[in-house]
Amino acid sequence: MSKLTFFFDAISPYSMLMFNSLLRYRREWGTDVECKFVPVLLAGVMQGSENKPPGLNKLKGRYMAGDLKMTAEMSGVKLLRMPRNFFEQAQDMRVMRLLASIEMTEERDVQEAAIQRAFAAIHADPGFRDDANKISISDDALLDLCLSAGVANPQETLASLSTPPVKDHLKANTSQAVSLGMFGAPFIHATSSAGITHTFFGSDRLEHLCHFLGKPYHGLGHKL
């Protein structure tokens, strides 16, 4: 069996695109490939890897806007424009602490449902944007996320976000990712069935990942 560890921060639109691709391809891979989804703090990754967000560079930011639009279209994924308060939202750790808490306590299907809803809230659902294209995620919205994902004890989960165990877990995830070479999101650490390891960065390495796993590649938007 091959194993993939997918490190992500929900603030990253490229992470959402790759997450959706992995879910589609996993249907074909079946039990041959084990996928684990691990929340991290992208700000911590940037600090630990001595990197800087590409959006801070005007030319890179302009390129990313067009690249994201085209990649989303090719993938068949709904993606809104980057919110005007993107960097402010990136500093709000509630969403990632919530996903870390869910990772600690819930089964895989609940965790993945919560991840999907977190991505949608930040990048795809216009209900979380105002007329100025600023994003706002309230505590009530986080509660709704828990309820819709099937979290067993939503109120307890929300209450855990400021506790040391959840904070430490998210920090540990982030430190592990940096130790494996993560410098941006998304980042995959893969181990083949033969025990060979390789890492992949970005949402445009799906074909490379399939090659490494010895699995067919059908394109970004292929319906498996």
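Odds and ends about this structure:
- Test result for G195, modelled with pLDDT of 95 or more, under 28 Å from Y25 (Cβ atoms) and not in a helix (DSSP H, G or I): yes
- M64 of a type outside the set (D, E, K, R), open to solvent by 40 Å² or more (accessible area, probe 1.4 Å), under 15 Å from P13 (Cα atoms) and part of a helix (DSSP H, G or I): no
- Filtered residues of the range 182-204 (kept if free of Cβ contacts under 8 Å to residues at least 40 places away in the same chain and open to solvent by 20 Å² or more (accessible area, probe 1.4 Å)): A194, G195, I196, T197, H198, T199, F201
- Taking first residues from the range 76-95 that are within 15 Å of L41 (Cβ to Cβ) and partners that are of a type in the set (V, I, T), the Cβ contacts under 6 Å between residues at least 6 apart in sequence or on separate chains come to Q89/I135; A90/I11.
- Residue count for the range 104-119, restricted to those that are surrounded by fewer than 17 Cβ atoms within 10 Å (Cβ to Cβ) and either touching a Leu at 6+ places or on another chain (Cβ under 9 Å) or in a loop (DSSP other than H, G, I, E, B) (or both): 1
- Residues in the range 126-161 that are part of a helix (DSSP H, G or I), free of Cβ contacts under 8 Å to residues at least 12 places away in the same chain and surrounded by fewer than 17 Cβ atoms within 10 Å (Cβ to Cβ): G127, D140, D144, L147, E156, A159.
- Verdict on V38 being part of a strand (DSSP E or B), within 30 Å of A172 (Cβ to Cβ), touching a helix residue (DSSP H, G or I) at 6+ places or on another chain (Cβ under 7 Å) and touching a residue at least 40 places away in the same chain (Cβ under 8 Å): yes
The values are calculated or read from the model by the stated rules, or taken from the named source; none is laboratory data. All figures in this text were calculated on a predicted structure; none of them were measured in a lab. All Cβ positions, even for glycine, are placed from backbone atoms using ideal geometry, and neighbour counts span all protein chains on display. Side chains are part of the model used for accessible areas, which takes the heavy atoms of the whole protein and leaves out ligands, DNA and RNA. Shrake-Rupley method; radii C 1.70, N 1.55, O 1.52, S 1.80 Å.
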